[in-house]
Amino acid sequence: MSDKQSILVWDIPTRVFHWLLVICFAGAWLTSESERLQMIHYAFGYSACALVLFRLIWGVVGTRYARFTQFLKGPAEMMKHRSEEHTSELQSH
């Protein structure tokens, strides 16, 4: 028996957002050249905009791992990470 534990990083709304955005992008791309499917093309585009708006809101008020504060860091934090990364690269050579 395996002792591996499943850890979910993103919540269900974030996962659904990503897959719906993929569908909207692919649908808009597939319908982009057809005048007959122009309204469907618009629907995919507006749906993608609505999804991005949802994600922006969910990134502020959503669950812990869906929030932007979990993965967006300031310039000082990025420079600190880069210097630590550079130091570890020098030590490994």
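The values are calculated or read from the model by the stated rules, or taken from the named source; none is laboratory data. Being a predicted model, the structure only gives us computed values, none of them experimental. Keep in mind that these areas ignore ligands, DNA and RNA; they rest on the heavy atoms of the full protein, side chains included. Shrake-Rupley method; radii C 1.70, N 1.55, O 1.52, S 1.80 Å.
Annotation: per residue accessible area for the chain equals 88 Å², rounded to a whole number [probe 1.4 Å, protein chains only]. Computed from Cα positions, the angle between helix 75-92 and the longest principal axis of the chain comes to roughly 60 degrees. Dividing the summed helix terms, -39500 (n - 2.57) for each DSSP H run of n ≥ 4, by the number of residues in the chain produces a 222 nm estimate of -22500 deg cm²/dmol to the nearest 500. Helix 38-61 axis versus longest C-alpha principal axis of the chain: approximately 30°, rounded to the nearest ten. Binning the C-alpha pair distances of the chain at 10 Å intervals from 0 yields a P(r) profile of 14, 25, 24, 23, 11, 3, 0 %, listed from the shortest bin outward. Apolar share of the accessible surface for the chain: 67 percent from carbon plus sulfur atoms, 1.4 Å probe. The solvent-accessible area of F68, taken with every protein chain present and a 1.4 Å probe, is close to 50 Å².
With all protein chains present and a 1.4 Å probe, how do H41, H81 order by accessible area, largest first? Each step should come with its number before you reach the end.
Values: H41 55, H81 110 Å².
Per-residue accessible area, sorted high to low, gives H81, H41.
The relative contact order of the chain comes to 24 percent, based on Cα pairs under 8 Å that sit 6 or more residues apart.
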